[in-house]
1. Does Ile175 satisfy being crowded, with 16+ Cβ neighbours inside 10 Å, of a type outside the set (D, E, K, R) and touching a helix residue (DSSP H, G or I) at 6+ places or on another chain (Cβ under 7 Å)?
2. From (1) surrounded by fewer than 18 Cβ atoms within 10 Å (Cβ to Cβ); (2) within 20 Å of Asp36 (Cα to Cα), pick out the condition that doesn't hold for Glu185.
3. Could you check region 149-251 for strands (runs of 3 or more DSSP E) lying wholly inside it with 3 or more residues that are touching a residue at least 40 places away in the same chain (Cβ under 8 Å) and hydrophobic (A, V, I, L, M, F, W, C)?
4. Can you report the number of residues in region 147-187 which are of a type outside the set (S, T, N, Q) and closer than 13 Å to Glu79 by Cα?
5. Just give me the residues in region 104-142 being over 20 Å from Thr22 (Cβ atoms) and touching a Lys or Arg at 6+ places or on another chain (Cβ under 8 Å), in sequence order.
6. Enumerate the pairs (first residue in region 85-99 and over 17 Å from His10 (Cβ atoms); second residue anywhere and assigned to a strand (DSSP E or B)) with beta-carbon separation below 6 Å, excluding pairs fewer than 6 apart on the same chain, so at least 6 apart or on different chains.
7. Of all residues in region 145-162 being of a type in the set (A, V, I, L, M) and surrounded by fewer than 21 Cβ atoms within 10 Å (Cβ to Cβ), which is farthest from Ala190 (Cα to Cα)?
8. Buried (at least 16 other Cβ atoms within 10 Å of the Cβ), in contact with a helix residue (DSSP H, G or I) (Cβ under 8 Å, 6 or more places away or on another chain) and at pLDDT below 95, is that true of Ile90?
Amino acid sequence: MLLSCDLHIHSALSPCADDLMTPGNIVSMAFLNKLDVIAITDHGSCRNVRAAQQIANKLEGDGKKIPLVIPGMEMECTEGFHLIALFPDINSAIQFDQFYTEQRIKIPNRIDIFGKQLLFDENDEVYAEEEFLLSSSSLLSSQSLVSAVLSVNGVVIPAHIDRDSYSMLSSLGAIPPEFPGKILELSRNAVHADFRELHPELSDYIFVTHSDAHTLSDIADPGFCYDINVPDRQVIRCQDFVFALRELMLR
């Protein structure tokens, strides 16, 4: 089944994201852009996902076909690059959030430098601000992070590998053969054919593109088309989507 997706979106919990990136605004913009599936992937936290899912469920009840909201996180490993983690359910995501928080370098957030880190409830209202900077690195290697995500049946995708910073390629010079995944994310302005020509050694990998949205106008329109083996889009669940994506990742 072909699904239009954007699996890398930052809410206002990420210090680098616009304050208008509330869960409700994100879900509404994704709906207007006719996306089937989105993922909230804040730096170092999954804690705005529940609000996004609750808002999506409420809007779905009004008879609209609202995008499925996948729990996610953008992680940073000790090697200095970013990985996207996607989880099959909110409980697995929160469990991983607690684990990652324990392993994240604790630096007090400077709002004047980095920006606010806002937590939202099911009414799209701010109920708290995160005290410590979420975009700081973890104390875990990429191998440890990947193992931890896979242990809760999640998916890991190296983020924006075409960039000169915070990417697996720029940090390591290659995709390690032991990395257990065949999906690689390119940034939204990358041309897949050009990148494949530049990196013939990656011919066996699947390239995907997500928005890495930090503002509402960044959210993908119309999104990246995934061919995923899932039930009818009218009844698709997070678990269905993530398990199918996991099969694609580990093929």
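The values are calculated or read from the model by the stated rules, or taken from the named source; none is laboratory data. Keep in mind that what you see is a predicted model, and the values were worked out from it rather than measured. For neighbour counting, all protein chains shown are included, and Cβ atoms are generated from backbone atoms with ideal geometry for every residue, glycine included.
1. Yes, satisfied.
2. (1)
3. Ranges flagged: 155-158.
4. Summing the residues that are of a type outside the set (S, T, N, Q) and closer than 13 Å to Glu79 by Cα in region 147-187 gives 9.
5. Phe132, Leu133, Ser136, Ser137, Ser138, Leu139
6. Ile90/Pro71
7. For region 145-162, the residue satisfying everything is Val152.
8. no
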